[in-house]
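The values are calculated or read from the model by the stated rules, or taken from the named source; none is laboratory data. Treat the numbers as computed from the prediction; the structure is a model and nothing was measured. All Cβ positions, even for glycine, are placed from backbone atoms using ideal geometry, and neighbour counts span all protein chains on display. Side chains included, ligands, DNA and RNA excluded: accessible areas come from the protein's heavy atoms. Shrake-Rupley method; radii C 1.70, N 1.55, O 1.52, S 1.80 Å.
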Amino acid sequence: MLRLHPYRYHRPKELGEALELLREHRGDSMPIAGGTDLMPNMKHGLYTPSHLVALKGVEELHVIEERDGELVIGAAETLTRVASDPLIKRRLPGLARAAEGIAHPMIRNIGTIGGNVCLDTRCTYYNQTYFWREALGFCLKKDGDVCYVVKGGSRCVAAHSADTPPMLMTLGATVDLATADGARSVPLTKFFTADGIWNTVREPDELVIRVRVPIPSPRLRTSYQKVRERKSVDFPLLGIALAVEIDDSHLIESISLVVAGLGAKPRVVGGLDKIAGGQRLTPDIIEEVARRAHRQCNPLDNLIVDTDWRHAMVAVYVRRAFEEVLGQPLAAA
Amino acid sequence: MKLEDFRGRQADSAASEEELREALEREFQVIGRRLRRTDGMSKSTGRTLYADDITLPGMLHAKILRSPHAHALIKSIDASAALELRGVHAVVTGADMPVPYGIIPWTRDEYPLCVDKVRYIGDGVAAVAAIDEDTANRALDSIEVEYEVLPHFLDPEEALERSDTPIHEPHKPGQNGNISKKVHLEFEDVEKGLADSDVVIEGEYYFEGTTHTPIEPHCAIGYFDPSGKLTVWSATQVPHYLHRELARVLELDVAKVRVIQPPVGGAFGGKSEPFDLEFCVAKLAMITARPVKILYTREEVFYAHRGRHPMLMHYKTGADRHGRIKAVDATTIIDGGAYSSFGLVTTYYSGQLITAPYQMESYRFDSTRVYTNKPCCGPKRGHGSVQPRFAIEVQLDKIAEALDIDPIELRRRNFIGTNTRTINELRITSNGFLQCLEEVERASAWKSKHRKLDYGRGVGVAGSCYISGTNYPIYPNDMPQSAVQLQVDRSGRVAVFAGASEIGQGSDSMLAYIVAEELGVPLDYIRILSADTDLTPVDLGAYSSRVTFMCGNACIDAARKIKKLVCEAVAEAWNCKAKSIMLAGGWAFKAEDTAQKMPISEAFNLAEAKFGALGATGSYNTPKDIHGTYRGGTIGSSPAFSFTAHVAEVDVDPETGFVEIHKIWIAHDCGRALNPLLVEGQMEGSVYMGAAEAIMEEHIFKETGLHNAPSLLDYKIPTSLDTPEMQSIIVESIDPEGPYGAKEAGEGPLHPSIPAIACAIYDAVGVRLDRLPFSPPRVWAAIRERGRQEEAGELSPWKSPPISVPLPATGD
Amino acid sequence: MIEALRLTVNGDTQEIGVPSHYTLLEALRYVLGYTGSKQGCDKGDCGACTVLLDGQPALSCILPVQEAIDREVTTVEGLAGPDGPHPLQDAFDLTGAAQCGFCTPGILMSAASLLQRNQSPSNHEIREALSGNLCRCTGYTKIFDAVEIAARALRENRPAAEVVRA
Ligand SMILES: Cc1cc2nc3c(=O)[nH]c(=O)nc-3n(C[C@H](O)[C@H](O)[C@H](O)COP(=O)(O)OP(=O)(O)OC[C@H]3O[C@@H](n4cnc5c(N)ncnc54)[C@H](O)[C@@H]3O)c2cc1C
Ligand code: FES
Ligand code: FES
């Protein structure tokens, strides 16, 4: 079997205790929630902390409620819960659908939204066993100093591959973080960085406590388009989240589009307000948005699937996202 | 115990009077019914013990050190540090087992662990036995291997040219060491056939490699008892060959080696020859005097491979204007990977097995298997013939189109017939292919669909044939290919000792149905003891779809011997003719008067009293005059051929290239279906596997020779949401030599999936995909290319009314 | 490092010593002897190791053994009771849904949890529920049949064999 390295498994009951453990073993510890990302990664020798601090038993990380105009979701809530909770389904149907499309039922039953937000970046040269990586020559994300994706590259471009962050970003979500020394809040759009080795602003001993999402206006329509090879199990080859606020006459009040599955950071497609804000949502506008997304999003060889095709799919699935929010095929729009 | 005691017990499962009267009307009591499997309940309750479920007292765990280089000389191995680690019991290297092995006696080119050279990334170099896997892994890390790296070849065409760097030493000086096998055969005059043709279609097809991915990883346990007897438990589908090779390589007396094959968790050809782990557990057990287990990681399963060979196939096919095939000219380059495996046979099969179900006036094939520095290819479900079947069936579709003949009609016109010989002289007996075509044509409503569905949806058809076992064993001998021994207990319980390997296909159940049919005992009175070389007579193994045909016949042979004795004994007691006695439903009874009956155990007891202990052996050997009279003509011959036809209906998303297989109709001629439920299971499993090869599976490598992604996440096999809807239609052309007329069902039904899907994609969107797999990027690129040609006026729009394909934005 | 844990598996609570870096699957198979749960990939890709954790299907191969403390673990061995096999097991047997049987324990756990939630699942709901369990033998068709039959057997409170005959 694939062996894990020896470690101590801590099961704190309170947040303070968890944060204290992470501080005490800073540099040699990691939080573990569902472990559905961390466990395979440890089996690949990608992380070998001597201390694992389990989050599932921490009371404070379990909550789903409406509070002060926001929907608050505790970091340790499972993806199954996020996908099926009536409140989330009513208020944030796009998020529920993004969560529903993750992996497969058993992973969703155990994996958490906090873990999803903190999911390690992925790359075909990285998510491999120690033997495999050694045989190829270690890459710069782990144990080595070359990049196989961008030849001669010195910055890791492993792909952000989590399904809920793009949707959360379009919804204007904020994450609450804490260390033993204090707490802070970061808008999700500022949470991710372009460094594939560690693609968030989170400190290693810092925890995501909860995700807060402003309750959207009833006019907000969302769509999450996940491109994957199989209809289950697979990570996104592309994840496209769209949120548009439109009135009955299809006048666009706001628009936000985020694409994941490219580099280390989900890309917020820029300049859309300029072309779409205040306009009526027409096939021409949609085409223009699709073209922009296509121009701004360049898939890399960090996943095994043909980049030209993935590139072209950006435009196709942006259109499909619009079709979904309009509830009809484009031709009829 | 008195006889009466048995009576009460058997009454539970014994047939009622009414059922016995019904039984008289029926040809068979058990055969042909949708019965439970003998192992179904134990599998469904998690009780079945597979190899890794076995733990022996004091058992050690071993791990194999694998080469990180695709091609290199081993200069030295230093394992001294490993041996010093606490908990390490032994280390072995190639030098400890320097006898080469190989499933085909003429091409033994592998060592249990590499001796002086590694030939692919993952090749085994050393093995360590330790108290646990963690310790064994630590020991592997401390073994120092010095390599001299050689140029490596991943592309067979490059390897062919580089005879200066042979992956294997040439057999004779001057030969190219990178050629594993070359076969060139011609039947009738192909040039003339092509010249006389009204239409000649030429095409190049590429079949990407795929692998078996049984869900159970390979696992073996070795135990060497103090008296000098070696026992190996292994998840193998060929215990007999493993038995022989273990003895030969480890230089042991075969009689002192025992191989036990526990139920196997899927194999599909991936466990049909010896592997490094079996030799290593055996050797390490001999050295340490402790039981030793090796369980492959999933990654190692991908390195062990032996999957479908990549093939580059160049086909020229000629036909007259009625669509009758006048000539087939095939040239094939086969990428063999690092070793021979079954490659000699694969090379023949790539040409020998496509000469039915269609008549051809002339045929020539030239196949070359080439070594490359990749995991070794071998037999995967439909060994050697799935690839050329893709080529030839698509060729036929292209001919049909060129001649404006319906592709099903074209196939009908070329039907080879029953009781005939193929152009390469293979004997064909029963043949239900025409009915297969008719069934799928009707069930799929073909006539209302082909070229008539809206743009984006299409149907395709393909046919095929496959062997029911190879006519000749892998090592030449005249002994039976299969044998069965029956032992009857006084309770009425019948034990079946058979060498056949249960790998999920249902061979144990098949034997039980036969015994139940012949001896009239209820199914739960039958115990199947299979695949243990100390207990069971030889069966050559679960490969080439041979088990039902061969072991089934052997089992009938044994059972009828006992039946004869039992009927005689009962007839004597009842003072009637033996002919009048029937055994069925747990009883022996008189055909003329069902009220005259006795429990089957009582009948067995009468027979035992009269003849002594009740037991019998039965065997089967193949007919010897049914093959080609030329060199190599024995390869491909089989006592019977199965036939299949598929219609696939697909939806192609022209914007994305995703192919959704809407439904596949499968008609398969398996001869008599001994249990239709299990036949359907084989058909559906086959089609699922073929469809997956068509649209997603790809066993590929990085430039260094490293496997692209050896995991079940990245090597895509379909989930329950991806599997197509299927409709199985069993066609029963009763075979004159099969057990009750049965032929094979485990491999044949896979073949047409791939070409049928290819042709359905063409029907849907007008693009020919001659390269596998038909993944979204490929389909998408082909559609765009066609779009460009349409725009340029080189092609007219596909299907009318023309629908313009929205092309994705290409950016600014 | 060996850790002493109390686990409840198939209704029995036991104190066991396990290396702290073991997964639940290793503890079940190699410490407790529940070999029914299988290992096909060891990292979350195949579903062969699926067990129920407080009634919900979970992958035991990527679950640290400590996560099972204070929870009810059910393995395939726990599906059949003294009254006989679970209707699903009977239905699998009837339909030939287990060929090699290696994926079967995991699939049964996913299916059992589905039927607990939903006694009349549609074909699509069955496909969804099993979509993390790879089967390489059957093409899934007979498995879908089996789950449908078991659902009916449970609904109608009669043996699977009767449902098939009806
Ligand atoms: C076969 C397979 C398929 C998958 N498919 C998908 C997919 O389609 N889409 C997708 O998005 N994901 C997928 N995943 C990845 C993963 O299962 C999910 O992203 C899941 O949400 C991760 O959550 P977790 O709780 O299990 O994370 P964990 O593994 O526990 O943690 C992941 C990382 O986040 C850190 N972490 C966890 N919680 C916190 C916290 N509260 N604060 C700070 N750091 C934290 C951990 O230290 C670790 O580094 C797949 C995984 C597998 C094995
Ligand atoms: S063994 Fe757990 S998912 Fe494969
Ligand atoms: S029955 Fe063999 S894998 Fe499912």
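Out of every Cα pair in segment A:86-230, what percent are spaced more than 23 Å from each other? Provide the component values of the computation, followed by the final result.
Numbers: 4744 of 10440 pairs.
Here the long-distance tail beyond 23 Å is 45 percent of all Cα pairs in segment A:86-230.
Please work out the FRET efficiency for the pair B:L529 and C:Q14, using the Cβ-Cβ distance as r and a Förster radius of 30 Å; give the result to the nearest 0.05. Mind showing how you got there, number by number?
Details: r = 34 Å, r/R0 = 1.15.
Plugging the Cβ-Cβ distance into 1/(1 + (r/R0)^6) gives 0.30.
Excluding residues fewer than 8 places away in the same chain, name every one of the lysines whose C-alpha is closer than 16 Å to that of B:K271.
Hits, sequence-local ones excluded: B:K380.
Expressed as a whole number of Å, what is the distance separating the alpha-carbon centroids of segment C:113-159 and segment B:288-349?
36
Going by Cα centres, segment B:218-262 and segment A:92-163 are how many Å apart?
Between the Cα centres of segment B:218-262 and segment A:92-163 lies a distance of 43 Å.
How would you classify chain B from its alpha-carbon gyration tensor, with a ≥ b ≥ c the square roots of the eigenvalues: rounded for a/c under 1.5, else prolate if a/b is greater than b/c, otherwise oblate?
oblate
Can you compute the radius of gyration and Dmax for segment C:2-76, using only the Cα atoms, both in Å?
10.9, 30
Expected output is a single nm value to one decimal: the length gained when fully extending between B:D593 and B:A613, i.e. 0.36 nm times separation in residues minus the C-alpha distance. What is it?
Working: separation 20, 0.36 × 20 = 7.20 nm, distance 2.91 nm.
Going from the current span to full extension adds 4.3 nm.
Give me the distance in nm between label points sitting 7 Å out from Cα along the Cα-to-Cβ direction at A:A194 and A:E17, one decimal.
Placing both labels 7 Å along Cα→Cβ, they lie 4.3 nm apart.
Give the long-range amide H neighbours of B:F701: residues separated by 5 or more places, or on another chain, with amide H under 5 Å away, using H modelled in the peptide plane at 1.01 Å from N.
Those lying under 5 Å, H to H, from B:F701 are B:N708.
Given a cut-off of 23 Å, name the pairs among B:K181/B:K716; A:K89/A:K274; B:K563/B:K610; A:K231/B:K452; B:K716/B:K743 whose C-alpha atoms lie farther apart than that in the structure shown. Can you show the working numbers first?
Numbers: B:K181/B:K716 31 Å; A:K89/A:K274 31 Å; B:K563/B:K610 14 Å; A:K231/B:K452 29 Å; B:K716/B:K743 31 Å.
Flagged as over cut-off: B:K181/B:K716; A:K89/A:K274; A:K231/B:K452; B:K716/B:K743.
Can you work out ³J(HN,Hα) from phi for every residue in segment B:427-444, in order, using Karplus 6.51 cos²θ - 1.76 cosθ + 1.60 and θ = phi - 60°, giving whole Hz and x for Gly and Pro?
Along segment B:427-444, the couplings run 7, 10, 10, 5, 7, x, 5, 4, 5, 4, 4, 4, 4, 6, 4, 6, 4, 8 Hz.
If I build a Gaussian network model for chain A, linking alpha-carbon pairs within less than 10 angstrom, which residue out of A:D28, A:D306, A:D37 has the largest mean-square fluctuation?
Answer for the Gaussian network model of chain A: A:D306.
How charged is the neighbourhood of B:E693? Take every other residue with its Cβ under 11 Å from the Cβ of B:E693, and add Lys/Arg as +1 and Asp/Glu as -1. If you can, show how the numbers build up before the last one.
Working: positive: B:R308, B:K380, B:R381, B:K716; negative: B:E208, B:E697, B:E698.
Net local charge, B:E693 excluded: +1.
I'd like the GluC sites (Glu not before Pro) in segment A:1-48 restricted to DSSP loop residues with at most 13 other Cβ atoms within 10 Å, sorted by number. Before the final figure, lay out each step's value.
Values: sites: A:E14, A:E17, A:E20, A:E24; in loops: A:E14.
Those satisfying the criteria are A:E14.
Which value at 222 nm does chain B reach when only helices count, each DSSP H run of 4 or more adding -39,500 (n - 2.57), with the total divided by all residues and rounded to the nearest 500 deg cm²/dmol?
Counting only the DSSP helices, I get -8500 deg cm²/dmol.
Rounded to the nearest 100 Å², what is the sum over both chains of accessible area buried where C meets B, with a probe of 1.4 Å? Mind dumping the intermediate values first?
Numbers: alone 8490 and 30030 Å², together 34540 Å².
Looking at C and B, the buried total is near 4000 Å².
Can you run phi through the Karplus equation (6.51, -1.76, 1.60; θ = phi - 60°) for segment A:67-72 and list ³J(HN,Hα) in whole Hz, with x for Gly and Pro?
Rounded to whole hertz, the list is 8, 6, x, 10, 9, 10.
Can you show me the helix-derived [θ] at 222 nm for chain C, built from DSSP H runs with n ≥ 4 at -39,500 (n - 2.57) apiece and divided by the number of residues, rounded to the nearest 500. Show your work: numbers first, answer last.
Details: 5 runs with 52 residues, N = 166.
Computed mean residue ellipticity for chain C: -9500 deg cm²/dmol.
Given the C-alpha centroids of segment B:103-179 and segment B:550-591, what is the distance between them in whole angstrom?
Spelled out, the Cα-based centre of one part sits 57 Å from the other.
Which residue fluctuates most in the GNM of chain A (Cα springs below 10 Å): A:S185, A:S154, A:S223?
It is A:S154.
Which value in Å is the Kirkwood Rh of segment C:1-127 over different Cα pairs?
Values: mean 1/r = 0.0667 Å⁻¹.
Over segment C:1-127, the inverse of the mean reciprocal pair distance is 15.0 Å.
Once you measure Cβ to Cβ distances between cysteines in chain C, which Cys have no partner under 4.7 Å?
When partners are defined as cysteine Cβ atoms under 4.7 Å apart, chain C leaves C:C100, C:C137 without one.
Listed here are the pairs A:K43/A:K142; A:K43/B:K63; B:K398/B:K799; B:K564/B:K624; A:K43/B:K75; B:K663/C:K142; which of them are more than 21 Å apart at the Cα? Write out the running numbers ahead of the final one.
Numbers: A:K43/A:K142 14 Å; A:K43/B:K63 16 Å; B:K398/B:K799 16 Å; B:K564/B:K624 28 Å; A:K43/B:K75 31 Å; B:K663/C:K142 16 Å.
Too far apart for the 21 Å limit: B:K564/B:K624; A:K43/B:K75.
I'd like the carbon and sulfur percentage of the solvent accessible area for the protein assembly as shown, probe radius 1.4 Å, heavy atoms only, ligands and nucleic acids excluded.
Working: 21050 of 43690 Å².
Exposed carbon and sulfur together represent 48 percent of the surface.
Pop a pseudo-label 7 angstrom from the Cα along the beta-carbon direction at both B:E25 and A:R90 and give the gap in nm to one decimal.
6.3
Quick one: which residues, 5+ away or cross-chain, put their amide H under 5 Å from the amide H of B:A584? H built at 1.01 Å from N.
Sorted by chain and number, the residues that satisfy this are B:F589.
Within chain A, what's the longest run with no trypsin sites (Lys or Arg not before Pro) in a DSSP loop and at most 12 other beta-carbon atoms within 10 Å? Give the range, please.
Details: sites that count: A:K13, A:K151.
Longest gap between qualifying sites, sites excluded: A:152-333.
Once you list every other residue whose beta carbon is under 11 Å from the beta carbon of B:S733, what net charge do they have if Lys and Arg are +1 and Asp and Glu are -1? List each step's numbers first, then the result.
Details: positive: B:R672, B:K743; negative: B:D669, B:E732, B:D735.
Neighbour charge sum, excluding B:S733 itself: -1.
Treating only the Cα positions of the protein assembly as shown as identical point scatterers, give the base-10 log of I(q)/I(0) from the Debye formula at each q in 0.09 Å⁻¹.
-1.24
Over all alpha-carbon pairs of chain A, lay out the pair-distance distribution in 10 Å bins, whole %, shortest bin first.
Spelled out per bin, shortest first, that is 6, 26, 34, 24, 9, 2, 0.
If you take the Cα Rg of segment B:114-163 and divide it by 2.2 N^0.38 Å, with N the number of residues, what do you get? Walk me through the intermediate numbers first.
Numbers: Rg = 15.4 Å, N = 50, 2.2 N^0.38 = 9.7 Å.
Relative to the 2.2 N^0.38 Å estimate, segment B:114-163 comes out at 1.58.
May I ask you to evaluate 6.51 cos²θ - 1.76 cosθ + 1.60, the Karplus curve with θ = phi - 60°, for each residue of segment A:305-318 and list the ³J(HN,Hα) values in order in whole Hz, giving x for glycine and proline?
8, 2, 6, 4, 5, 4, 4, 4, 5, 4, 5, 4, 6, 5
If R₀ is 35 angstrom, what is the calculated FRET efficiency for the pair A:S50 and B:S76, using the beta carbon separation as r and rounding to 0.05? Write out the running numbers ahead of the final one.
Values: r = 35 Å, r/R0 = 1.01.
Taking R0 as 35 Å, the efficiency between A:S50 and B:S76 is 0.50.
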